[in-house]
Ligand code: CMC
């Protein structure tokens, strides 16, 4: 970390001695004030629920400028990566810091391909779930279960073991998501086929059956690959911070990733794509485009708790750059499939137009986020709504493991342990039950 010439001074109105706090400069983005010695020197904590102003770590992986609507993986703009690279090249970049040269790329693809199969026991574990279990419940269990297969062979303090764990996770997630899908629809599992690309292989495991081969359509494969690229990492979001905090205890990395899957499930985070499509379906059922006005009224009503899902972001206070790319993919996919007049797509476009012009959304800087469009694309690809967040988890796995490995590889890392402002009862005595 580069120290800044500027220092911050914290002073108190009650005459307590003031304290000088060092600042550090990032390579881009806001400086941070180092408060690590604050408690030791003042006996006080800082208070920041939701981490609105707190950097929990330093990282070299992903940078977001929310005001500009900019997203960089290792310095490269997402727009260039989404158009010039495939998902495995992006995985290599996130894990290693540089884009691969041809030989490195070939080697990486071979390594990932080599790990695509899961232990045969996994399907017996999966069979313990109800067929109608939510895929994210299943994925939380399956990814957690992987830890049992690789516990003794995974020493997180060994850099090579961390790399192998990363490769295994990236390789096996498509297999597990496809297995969760097949189980839900009662079809036989389809084993990976290693002469296909990462994304084409996933589509085949999803849509082939033992009686009918699936021939991947390159436009649709490219669309799915782009979904993976756009969701691959997003710096210290809720699920990534969960993975870091969970992994900071030194736990098994597969278990830490399972914690990330659990966090991602929530509708304010990865579950938003599912929630956005459910919302569109509900508006469609209740009258479609004609009823958008009424729906927007509910969204603006403070007492209704209805949100326009797929809109708004904690960091982007400008158009989400991923949403722009996903919007483009949405048009390509619908055109390829002859679905330009799909009522759901038309509804989404009408909703987007109204929201972008409405003062409620404009004044709060609420723009469509990636999930507003990714649901429409996935639905067109034939992926069921309940599986959307599992697709997100598949893609984000590389980000989680890259961030986890970065943290463990940092000599200064410590177990994460936030503090609190206690507002409960002061000390009191337990009374015998008859006197309570
Ligand atoms: N619909 C209606 N109003 C909204 C929305 C929305 N989607 N998002 C925020 N607002 C309002 C909010 O009520 C508040 O209004 P006021 O100032 O009058 O109280 C104002 O905008 C600021 O919102 P906030 O809740 O302080 O913002 P936040 O940074 O805490 O929340 C968010 C960010 C993503 C949780 C929220 O915008 C949201 O719930 N959006 C819908 C869910 C969604 O699409 N999530 C996916 C995020 S992208 C995928 C990912 O990276 O995980």
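Things worth noting here:
- Relative to the current alpha-carbon distance between residue 60 and residue 364, full extension at 0.36 nm per residue lengthens the span by 106.4 nm.
- Bridge type composition, the chain - antiparallel percent by DSSP, nearest 5: 100 percent
- Cα gyration tensor shape of the range 65-183, rounded if a/c is under 1.5, else prolate or oblate by comparing a/b with b/c: prolate
- Extension reserve of the residue 133-residue 331 stretch, reckoned as 0.36 nm per residue once the Cα distance is removed: 68.1 nm
- Cα gyration tensor shape of the range 109-174, rounded if a/c is under 1.5, else prolate or oblate by comparing a/b with b/c: prolate
- Most mobile of 176, 21, 339 in a GNM of the chain (Cα contacts under 10 Å): 21
- The GNM of the chain, with springs linking C-alpha atoms under 10 angstrom apart, assigns the highest mean-square fluctuation among 235, 79, 89 to 79.
- Mean separation of Cα contacts under 8 Å, 6 or more apart, over the residue count of the range 69-123: relative contact order %: 23 percent
- For the residues 336, 412, 98, a GNM of the chain with alpha-carbon springs under 10 Å puts the largest fluctuation on 412.
- Highest-first arrangement of 152-159, 370-377, where packing means the average Cβ count within 10 Å: 370-377, 152-159
- Cα-based equivalent ellipsoid of the chain: semi-axis lengths in Å, sorted from largest, via gyration tensor: 37, 29, 24
- The simple spin-label model puts a point 7 Å past each Cα toward its Cβ; for residue 12 and residue 290 those points are separated by 6.6 nm.
- Shape category assigned to the range 247-305 from the gyration tensor of Cα positions, a/c cut at 1.5: prolate
- Counted residue by residue at 0.36 nm each, then reduced by the alpha carbon distance between them, the extension gain from residue 187 to residue 68 reaches 38.3 nm.
Values quoted throughout were computed directly from the atomic coordinates according to the rules given, and no laboratory measurement underlies them. All values derive from a computational prediction rather than experimental measurement. Note that each Cβ is placed from the backbone with ideal geometry, even for glycine, and that neighbours are counted across all protein chains shown.
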